[in-house]
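The values are calculated or read from the model by the stated rules, or taken from the named source; none is laboratory data. For clarity, every value in this text was computed on a predicted model and none was experimentally measured. Methodologically, a virtual Cβ is constructed for each residue, glycine included, from the backbone with ideal geometry; neighbour enumeration extends over all protein chains shown. The protein model used for the area step is the full one, side chains on, heavy atoms only, and it has no ligands, DNA or RNA in it. Shrake-Rupley method; radii C 1.70, N 1.55, O 1.52, S 1.80 Å.
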Amino acid sequence: MKMTSDHDNKMLDQLFAKARERDAVPSDALMARIAADAVANLAVPACAPARRGGFIATLVGILGGWPAVSGLAAATVAGIWIGFAPPQSLDSFAGDLLGSSDVAVPFLELSDPFGLEG
């Protein structure tokens, strides 16, 4: 089945012949406007340069931002608080776990700080 007729082909050939006759050269004014546009766009950077932060900003970025750092700070404070002033229930739990209710673990013995004595 033929999609185009001979008449359509002749008409297309005439249009292509007309297009080949005309030499499409842009004018000097158009080329000057294009060059000016290119120079104007080259002067503007594509994006602003990234600000470099200090050590703290880099560390916060590595840790996942301020929400993550605030969670870490809250956990640290809670751990220190529970370590220095443990609740009574924690003492009884540790005593039950270890088998004695009067267990004392020295934090730092001044007589033998490096554990060298047998």
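For region 15-79, the solvent-accessible area of protein heavy atoms averages 91 Å² per residue (probe radius 1.4 Å; ligands and nucleic acids excluded). Summing charges over neighbours of Thr58, with a neighbour being any other residue whose Cβ is under 13 Å away from its Cβ, gives +2 when K and R count +1 and D and E count -1.
What's the magnitude of the charge dipole for region 21-86 around its Cα centre, counting Lys and Arg as +1 and Asp and Glu as -1 at the beta-carbon? Answer in Debye, nearest 20.
Numbers: 4 positive and 4 negative charges, 96 e Å.
It works out to roughly 460 debye.
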